[in-house]
Amino acid sequence: MGEVRTICVVGHAGAGKTALAQRLIGLSGVEVELDNSPEAQERGGSVDLGLSYYQRDDQRLYLLDTPGFGEFIEEVYKGLWTAESSLLVINGEKGVEVQTEKSWELIEEFHKPVVAFINRMDLPNASYSKVIAEIREKLGSQFAPLEWTIRESDKFVGVIDLIEQKARYFGQSGLRDIPEELRADAQAGREALLEGLAEVDDQLMMRFLDDEEISPQEIRAALHEGMLRRTVVPVLCGSATANEGLRLLLKTIQTETPNFAEAQAQDGEAEGSDGLRALVFNVASDQYLGAMACVKLLHGSLQEGATFFNLNRRSKGRVRDIYRLQGGKAEKISQAGPGELVVLTKLENFELGDTFSDREDDSPAEFVSFPRPVFSRSLMPLSQGDEEKMSTALRELAATKTTLQVGRDEVTHETVLAGMGDVQLAVATARLKNRYGVSVQLHRPHVPYKETLMKTAKAQYKHKKQSGGRGQYADVHLRLEPLPRGGGFEFVDEIKGGVIPNQFIPAVEKGVVEAMTEGLLGKYPLTDVRAAVFYGSYHPVDSSEIAFKIAAGQAFKLAAKQAQPVLLEPVMKLTAWTPREFTGDLMSSLSSKRGKILGMEAEGRMERIEAEAPLAEVQDYALELKSITQGRANFQLEFLRYQPVTSLKLIEELLKREGRALGTAAAA
């Protein structure tokens, strides 16, 4: 195989990324459909990472198409890590949008060379010059147009090639002279391009300053070097739907973006190794092929029947079937080489980010650190018999997405699905129905409150019952003490002189533990309590384990009422990144949620705000933040601690939200 390269297509939803990717593949004579899942077709946009390739002669170009909606940002992370370069698609009518900026930030974070393509230039309100100015203002001055638009009667009819200084008209072959009225613009555009490229090559700079003629070949060489150094971003334009301007875009990608070998050399990676090293950059599921491990070969080759070591799982595997994906179609192949993207099926015990190697002592490759989920909903199957089926399906779905997590809350006993927002969860539940036949209801999850005690208290309870025959008798004296936060539960046996025989002490502890499962305020479990049994009495005939268990539970409740029970609420650490113009609104919203601002500092074009707030107040913050900042901010949540709520009025309000009444112990 000759040159292999991978490019990741990114941009805002509606910019035409998927249509562009499909049209580029179509230039090879192959028709491909990328958004072929029922969920993508229902939404009218990408929800997964799409994989296809362009093959011509000895060149193979893999295209990774990513969703343009922010909640599916995981696919952009995976695509940018995998690709050698990126294609930033911008809407010619709308210019730089929210996800355009976020995509650019990730491109910079991953240090990827990039080509920009201004799409939809055939639309009546598209303005090339306006979008170029906005790109340079919001994203940076390194964006260098290689073309200028030709419009006749307000129609997009062609482009001026600033490198060749010739005009290209759509539907006509060959190059033509630049129209007289556009020559000044073309000359100014070429000089701006040369000025940007001169910073890459000192000799080119001297010749540019001396007004010497610079050939198109020299310009392209400087452009290629500038892309490798990530100091130049070539900008082209066209229309994917009208099939205009795409051949020059494809040529630029094939000649100016780094291929796999160049990118490896640029990053200082070892070349020429025969040993296998591949990474699972995506996990998918197909109703016919089953679980699919999408892997990139970092070096070495892969053949059917070969064995490998999964360095992350410390297990051995065998290559059974190898496929190359062309959209929704899987083409079976027998082997693959360095830089290629292929799918392995019939594998066991693998996860996203795993490294496969033919050396057991090799080290795993470093993969992506994904954002954590920030939005949760509890799930209930519509059919009672589907609970087990739902659990299995959720586990399979969560195995394909790092930003989609499922678990069972130990306090509320709910099945909780967490993701990046309501849209991602809606797609996940639609997939549950479409693929697994499980319909579910989504609800806001209950807050996993707990309860604790603030003071030390003692109580005695004597359980005595006589109703003919053998009776029941147990006398227990308990002392309850608060433990530091996170202390859990401690049970202390302080009995002396055998006033309670040793064989009944475990029953006392069991009675206490059972009593702690239901607190006195909102019937939440108690924690951070030490319980000491220090005195009591027994009857040689009527005492039993059950009697001591009952007595201990009642003694615990009596002591707890006197020990100032309080509600414990989970407090989250919240880190938000927002454009500076929204800083005030964001801080006001957090303050209104009993939040506490811990710090603030500038990070590039964004402001980073550190805060903490109760979980009850920020459960739906993903939706509110989107509204406050027009979708331009993002945030992360992390559990920090449990914090006492001492105000009875606030406790009553919080319990009311959860559909619970304040217990009688509140009056104690």
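The values are calculated or read from the model by the stated rules, or taken from the named source; none is laboratory data. Every value quoted in this text rests on a predicted model; they were computed, and no experiment measured them. Reconstructed Cβ throughout: ideal geometry from the backbone, glycine too, with neighbour counts over all protein chains shown. Keep in mind that these areas ignore ligands, DNA and RNA; they rest on the heavy atoms of the full protein, side chains included. Shrake-Rupley method; radii C 1.70, N 1.55, O 1.52, S 1.80 Å.
Is it fair to say Val47 is more than 20 Å from Arg120 (Cβ to Cβ), aliphatic (A, V, I, L, M), open to solvent by less than 20 Å² (accessible area, probe 1.4 Å) and touching a helix residue (DSSP H, G or I) at 6+ places or on another chain (Cβ under 7 Å)?
Yes: the conditions hold for Val47.
Selection over segment 136-179 of residues that are assigned to a loop (DSSP other than H, G, I, E, B) and either closer than 30 Å to Arg229 by Cβ or not charged (D, E, K, R) (or both) gives a count of 18.
State yes or no: is Val541 at pLDDT 95 or above and touching a strand residue (DSSP E or B) at 6+ places or on another chain (Cβ under 9 Å)? In short, no.
Restricting attention to segment 610-632, the residues being in contact (Cβ under 8 Å) with a residue 24 or more places away in the chain, within 20 Å of Gly70 (Cα to Cα) and either open to solvent by less than 10 Å² (accessible area, probe 1.4 Å) or not aliphatic (A, V, I, L, M) (or both) number 11. The set of residues from segment 389-406 being more than 17 Å from the chain's Cα centre (by Cα), of a type in the set (Gly, Ala, Ser) and more than 11 Å from Ala428 (Cα to Cα) comprises just one member, Ser391.
Per-residue answers, yes or no, for (1) among the acidic types (Asp, Glu); (2) surrounded by fewer than 22 Cβ atoms within 10 Å (Cβ to Cβ); (3) part of a strand (DSSP E or B):
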| site | (1), (2), (3) |
| --- | --- |
| Glu75 | yes, no, no |
| Val89 | no, no, yes |
| Ser103 | no, no, no |
| Glu108 | yes, yes, no |
| Phe117 | no, no, yes |
| Ala126 | no, no, no |
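Being under 15 Å from Phe534 (Cβ atoms) and not in a strand (DSSP E or B), is that true of even one residue in segment 455-476? There is at least one residue in segment 455-476 that is under 15 Å from Phe534 (Cβ atoms) and not in a strand (DSSP E or B).
Pairing each residue of segment 425-441 that is under 15 Å from Ser391 (Cβ atoms) with any residue that is open to solvent by 20 Å² or more (accessible area, probe 1.4 Å) and outside any strand (DSSP E or B), provided the two are 6+ apart or on different chains, yields C-beta distances under 6 Å for Val438/Asp386; Val438/Lys389; Ser439/Leu382; Ser439/Lys433; Val440/Thr429. Of all residues in segment 348-375, those being of a type in the set (Ser, Thr, Tyr) and open to solvent by 40 Å² or more (accessible area, probe 1.4 Å) number 2. Being open to solvent by 40 Å² or more (accessible area, probe 1.4 Å), under 24 Å from Glu658 (Cβ atoms), among the charged types (D, E, K, R) and within 52 Å of the chain's Cα centre (by Cα): is that true of Lys510 here? Spelling it out, it is not the case that Lys510 is open to solvent by 40 Å² or more (accessible area, probe 1.4 Å), under 24 Å from Glu658 (Cβ atoms), among the charged types (D, E, K, R) and within 52 Å of the chain's Cα centre (by Cα).
Suppose we filter Gly317, Gly339 for residues that are open to solvent by 10 Å² or more (accessible area, probe 1.4 Å) and either in a strand (DSSP E or B) or not hydroxyl-bearing (Ser, Thr, Tyr) (or both); which single one remains? Going through Gly317, Gly339 in turn, the sole match is Gly317.
Out of the residues in segment 410-438 that are outside any helix (DSSP H, G or I) and open to solvent by 40 Å² or more (accessible area, probe 1.4 Å), which is farthest from Glu39 (Cα to Cα)?
Glu410
Restricting attention to segment 487-518, the residues being out of contact with any helix residue (DSSP H, G or I) (no Cβ under 8 Å at 6 or more places or on another chain), under 25 Å from Val411 (Cβ atoms) and in a loop (DSSP other than H, G, I, E, B) number 4. Looking across segment 50-68, the residues that are surrounded by fewer than 23 Cβ atoms within 10 Å (Cβ to Cβ) and either outside any strand (DSSP E or B) or on the phi > 0 side of the Ramachandran plot (or both) come down to Asp57, Asp58.
Tell me whether segment 470-492 contains one or more residues that are under 30 Å from Lys389 (Cα atoms), modelled with pLDDT of 95 or more and within 51 Å of the chain's Cα centre (by Cα). For segment 470-492, residues under 30 Å from Lys389 (Cα atoms), modelled with pLDDT of 95 or more and within 51 Å of the chain's Cα centre (by Cα): absent. Among the residues of segment 395-409, those that are charged (D, E, K, R) and either open to solvent by 30 Å² or more (accessible area, probe 1.4 Å) or more than 18 Å from Leu49 (Cβ to Cβ) (or both) comprise Arg395, Glu396, Arg408, Asp409.
Within segment 167-197, being crowded, with 20+ Cβ neighbours inside 10 Å and in contact (Cβ under 8 Å) with a residue 40 or more places away in the chain holds for Arg168, Gly189, Leu193, Gly196, Leu197.
Condition check ((1) within 26 Å of Lys458 (Cα to Cα); (2) open to solvent by less than 10 Å² (accessible area, probe 1.4 Å); (3) part of a strand (DSSP E or B); (4) without any contact (Cβ under 8 Å) to a residue 60 or more places away in the chain) across all residues:
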| residue | (1), (2), (3), (4) |
| --- | --- |
| Phe556 | yes, yes, no, no |
| Ala560 | yes, yes, no, no |
| Leu568 | yes, yes, yes, no |
| Leu574 | no, yes, yes, no |
| Trp577 | no, no, yes, yes |
| Lys593 | no, no, no, yes |
| Ile597 | no, no, yes, yes |
| Glu601 | no, no, yes, yes |
